[in-house]
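Below: one structure, written as structure tokens.
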Protein chains: 2
Amino acid sequence: MAKGKSLDELTDPVFYILVALVEPRHGYAIMQYVEEETNGMFKIGPATLYTIIKKLVDADLIEAEPDSEPRRKTYVTTAAGISKLEEEIKRRSRMVDLAKEVLQTKGRKGR
Amino acid sequence: MAKGKSLDELTDPVFYILVALVEPRHGYAIMQYVEEETNGMFKIGPATLYTIIKKLVDADLIEAEPDSEPRRKTYVTTAAGISKLEEEIKRRSRMVDLAKEVLQTKGRKGR
DNA sequence: CTCCTTTATATCCGTTTTTGATATATCACT
DNA sequence: AGTGATATATCAAAAACGGATATAAAGGAG
């Protein structure tokens, strides 16, 4: 099954692709989805996209749907992928919370 | 002053280093701080650390304190660095919120 | 029917980022 | 004198990213 390493921290593009694939989508649709959802702030080009898709399939975090049309290869986040995503949400939340806390403390003292 | 490019998205180690330097610290102390705060989950080695410090100084997001002891070079996040950090907190929060929302929607529908 | 744009996947290859290993030196303690 | 922690720094390789390019089919305009 899963052959690749477990990928502890997810990078931004990997995170976005995992999120996009909670709902089944094919590659091109992922690019559009991410661009739309971020209001054009974050764009994933084909090189990054297909490289990461390969890696995620290999890590068993997403999988290809067998019934996809010939011209479109549809993928979905696997159960393992959802778990990983939830884990990553927590990790990122903790990072944000730490930063907020540190800034707040500075604000109180640095007055 | 600032010579480097503005760095739109901050990577994880860059983020942690900026957070650590909201309070003045020297390199080695940054390594310890990040490791402690993340309960050993995230470690920054010397190569990553000093490479990033250089880049951040160049981008004017942190600066060296002139009065630091000979053996310790102390740095602090600049005003620009704080702004960047606040911006990045928002960016990461939006990413987390998007992911939460997507998972929640799936939960409601995927019953 | 032809041209053009959009859709769609895929890879090449250079740049950037990260990191393990290594080097060097000081300091504290025994 | 020796050991471990402190402290900074760089090298060289790996990993990640991304612009450019290639290919091809589908859809619409004229």
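The values are calculated or read from the model by the stated rules, or taken from the named source; none is laboratory data. Given the structure is predicted, the values throughout are model-derived calculations rather than measurements. Because the Cβ atoms are built from the backbone with ideal geometry, glycine has one as well, and the counts that use them run over all protein chains shown. All accessible areas refer to the heavy atoms of the entire protein, side chains included, with ligands and DNA or RNA removed. Shrake-Rupley method; radii C 1.70, N 1.55, O 1.52, S 1.80 Å.
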Interface size between chain B and chain A, please: total buried accessible area, 1.4 Å probe, rounded to the nearest 100 Å². 2600
Using θ = phi - 60° and the Karplus curve 6.51 cos²θ - 1.76 cosθ + 1.60, what whole-Hz ³J(HN,Hα) does each residue of the stretch B:12-27 get, with Gly and Pro shown as x? 4, x, 5, 4, 4, 5, 4, 5, 4, 8, 4, 9, x, 8, 9, x
Take the cross-link list A:K55/B:K54; A:K73/B:K90; A:K55/B:K109; A:K54/A:K84; A:K109/B:K55; B:K55/B:K100 and give me the ones stretching past 25 Å between alpha-carbons. A:K55/B:K54; A:K73/B:K90; A:K55/B:K109; A:K109/B:K55; B:K55/B:K100
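Once every DSSP H run of n ≥ 4 in chain A is given -39500 (n - 2.57) and the sum is divided by its residues, what mean residue ellipticity at 222 nm do you get, rounded to the nearest 500 deg cm²/dmol? Present the calculation step by step, with values, prior to reporting the outcome.
Working: 4 runs with 64 residues, N = 111.
Only helices count here, giving -19000 deg cm²/dmol.
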Counting alpha carbon pairs within less than 8 Å and at least 6 residues apart, what relative contact order, in whole percent, applies to chain A? 29
Output row for A:V76: copy-to-copy label distances, label 7 Å along Cα→C-beta, ascending, in nanometres, one decimal, is 5.5
note: the stretch A:12-109, Cα-Cα separations exceeding 21 Å make up a percent value of 41
Would you calculate the separation in nanometres between label points at A:Y50 and A:Y28, each defined as 7 Å from the Cα along the Cα-to-beta-carbon direction? 1.3
List every residue whose amide H lies under 5 Å from the amide H of B:A59, counting only residues 5 or more places away in sequence or on a different chain, with H placed 1.01 Å from N in the peptide plane. B:G4
Rolling a 1.4 Å sphere over the protein heavy atoms, what is the accessible area per residue of the stretch A:12-109, to the nearest Å²? 55
For A:48-61, mean number of other protein chain Cβ atoms within 10 Å: 0
Over the stretch A:18-60, how many percent of alpha carbon pairs lie in each 5 Å bin up to the one with the longest distance? 6, 22, 33, 27, 10, 2
Within the stretch A:12-109, what whole-number % of the accessible surface is contributed by carbon and sulfur, with the 1.4 Å probe and all protein chains included in the calculation? 50
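Would you kindly calculate the translational diffusion coefficient of the protein assembly as shown, applying Stokes-Einstein with the Kirkwood radius from alpha carbon pairs, for 25 °C and a viscosity of 0.890 mPa s, and quote it in µm² s⁻¹ without decimals?
On the way: Rh = 19.1 Å.
Answer from the Stokes-Einstein relation: 128 µm²/s.
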Around B:K100, with a cut-off of 12 angstrom between Cβ atoms, what is the net charge of the other residues, counting Lys and Arg +1 and Asp and Glu -1? 0
